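Report on the structure given below.
The values are calculated or read from the model by the stated rules, or taken from the named source; none is laboratory data. Owing to the predicted nature of the structure, the values given are computational and were not obtained by experimental measurement. So basically every Cβ, Gly included, is an ideal-geometry build from the backbone, and we count neighbours across all protein chains shown. Accessible surface areas use protein heavy atoms only, side chains included; no ligands, DNA or RNA. Shrake-Rupley method; radii C 1.70, N 1.55, O 1.52, S 1.80 Å.
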Amino acid sequence: MRVLLVDDEDLALDRLRTFFNDIEGVELVGQAKDGDEALEAIGRLLPDLVLLDIQMPGRNGLRAAADIAVEPRPEVIFVTAHEHYAPDAFEVDAADYLLKPVRFDRLRQAVERAKRRRALRQQAERTGKLEEEMAALRGSGAAGPEDNGFWVPERHGQRRVPIDAIEWIEAARDYVLLHTDVRSHMLRITMAALEEKLTGTLLLRVHRSAFVRPDKVMEVKRANRSMSLVLTDGANVQVGPSYADAVKAALGLF
């Protein structure tokens with residue numbers, strides 16, 4: 001996957017370049033410092049993925065993403081310190097939305113999601129079934145009558161995210177991020193209200209700031225007295241000490 005980095009801060013670019021050295025299957029093909037440079041580089045380099053800061057001089061990242069005219073359109077991952085841009089970011093069909101300072105496991109997860117989305121689009125273009133395939137990945141099947149899901153804000157309204165489509169959830173300052181197979185959604189809700197909403201579902205609380213579907217756990221890591229879960233998308237989720245017994249029981253660990 002050919003990747004273009006866009007950020008007006010040198011330290012942010014350096015951090016991303018360092019992280020990408022440890023992600024397989026990617027090639028950094030260029031970088032840009034603002035939205036205008038980004039659009040020029042996208043037209044010239046035709047990257048598969050663009051990591052795009054939002055607050056930059058001149059044309060910001062949101063405007064740049066909306067103005068991308070090349071086909072096939074690259075996947076976009078926004079990287080920013082400001083969570084309140086999330087509804088606008090997902091309105092332009094971003095694959096993910098990373099808050100600074102970026103964690104390596106979240107970056108790797110976002111890149112893997114972008115790869116899946118791109119492969120899905122390519123397959124759908126060949127078969128003429130893009131919307132059906134995207135809906136299948138988003139929904140993981142039809143929601144049951146008691147699965148009300150979450151209504152998340154977007155620029156021109158709201159989108160329903162079925163609970164069955166959510167693989168894991170993490171707290172992000174005053175919001176939570178609902179991670180599905182093909183994109184993430186940002187929602188303002190307290191963790192207490194979230195736990196009440198998720199009672200009786202497949203999502204298990206594993207930390208004061210995280211919920212996980214046990215069937216998405218691929219590996220359990222232990223170091224001293226701590227435990228973390230590696231998910232199918234590559235995310236590494238820490239298990240809180242007070243949740244460890246429940247996690248072990250859910251996973252059948254002894």
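Here the gap between residue 232 and residue 40, fully extended at 0.36 nm per residue and compared with their Cα-Cα distance, gives a gain of 65.6 nm.
Here the label points at residue 67 and residue 215, each 7 Å from Cα along the C-beta direction, are separated by 4.5 nm in the simple model. Under 13 Å of direct C-alpha separation, and excluding same-chain neighbours fewer than eight residues apart, residue 216 reaches these aspartates and glutamates: 164, 167, 181, 233. Over segment 1-108, all Cα pairs binned in 5 Å intervals from 0 give whole-percent P(r) values of 2, 13, 27, 28, 20, 9, 1, listed from short to long.
Need one word for the chain: rounded, prolate or oblate. Basis is the Cα gyration tensor (sqrt eigenvalues a ≥ b ≥ c); a/c below 1.5 gives rounded, then a/b vs b/c decides. Because a/c hits 1.5 or more and a/b exceeds b/c, the chain counts as prolate.
Which of the three applies to segment 45-118, rounded, prolate or oblate, going by the alpha-carbon gyration tensor with a ≥ b ≥ c and a/c under 1.5 meaning rounded? Here segment 45-118 falls in the oblate category. Entry note, segment 1-109: relative contact order of 24 percent, from Cα contacts under 8 Å with a spacing of 6+ residues. For the chain, the carbon plus sulfur part of the accessible surface works out to 49%, probe radius 1.4 Å. Listed peptides 217-230, 22-35 appear in the order 22-35, 217-230 once ranked by packing, highest mean of other Cβ atoms within 10 Å at the front. Using the heavy atoms of the protein chains and a 1.4 angstrom probe, tell me the accessible area per residue for the chain in square angstrom. Ligands and nucleic acids excluded, the result is 49 Å² per residue.
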